[in-house]
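Structure record follows, encoded as C-alpha cells.
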C-alpha cells in the first residue's frame with residue numbers, strides 16, 4: 001500500500017498572526033488589560049518613566065548634565081529607546097554618546113531618589129534636582145534630600161545599593 005503524501009502547511013502569514021493577536025487583545029477584559037499594562041511596566045520599572053509618554057526622566061537629556069552642567073529638556077526630534085523607555089537629547093552628539101554608553105549617562109537607581117532607595121522606598125527623583133558624584137548622575141525628590149545626600153553620600157550610596165534589589169522587586173509587583 002502506498003502512503004499518502006503529507007500535506008504541507010502553508011507558510012506563516014505575519015499579517016494573519018498580527019490580526020489574530022489584535023482580535024484577541026480587543027476582547028480582553030479590564031483585568032486582562034491591566035495585566036498587559038503591568039507587563040509593559042515590568043520593562044521600565046527600573047527607570048523613572050512617565051506613564052503616559054514613556055519618556056525617561058521627564059524628557060530631560062541625561063548627557064547634558066555632564067556636558068552642559070545643567071538639566072536641559074531634550075527634543076522630540078532627537079530620541080532613542082533604551083531599557084524600555086524613550087530618552088530625549090538636545091543634539092545628535094549627546095544621543096550618540098548615550099547610545100554608545102547608556103550606563104554612563106543614565107541616572108543611578110533609574111532616577112529614583114537614592115535617599116528613598118536607601119530606606120527601601122522607590123521615590124521618583126526630580127530631573128531638575130540633581131548631583132553628579134563619582135562621575136554618576138543622581139536625581140532627588142527635593143533640595144532637602146539632595147542636601148542630606150551630599151552630607152552623607154558614601155553611607156547613603158552603600159545603603160541604597162544594598163536595598164536596590166528589594167526596591168526593584170517591589171516595583172515589579
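No lab work stands behind these numbers, since they all come straight from the coordinates. Since we're looking at a predicted model, the values are computed, not measured. Positions of Cβ are backbone-derived with ideal geometry, glycine not excepted, and every protein chain shown enters the neighbour counts.
Each of residue 144 and residue 172 was given a label point 7 Å from its Cα along the Cα-to-Cβ line. The distance between the two points is 3.3 nm. As a ratio to 2.2 N^0.38 Å, the alpha-carbon radius of gyration for the range 69-139 is 1.13.
Remark: spin-label model distance residue 67-residue 81 equals 2.3 nm, labels positioned 7 Å along the Cα→Cβ axis. All C-alpha to C-alpha distances of the range 125-173, sorted into 10 Å bins beginning at zero, yield P(r) values of 24, 51, 24, 1 percent in whole numbers.
Taking other Cβ atoms within 10 Å as a rough exposure proxy, 158, 67 sort from fewest to most as 158, 67. Both radii are taken from the alpha-carbon atoms of the range 36-173; with Rh as the Kirkwood radius, Rg/Rh is 0.95.
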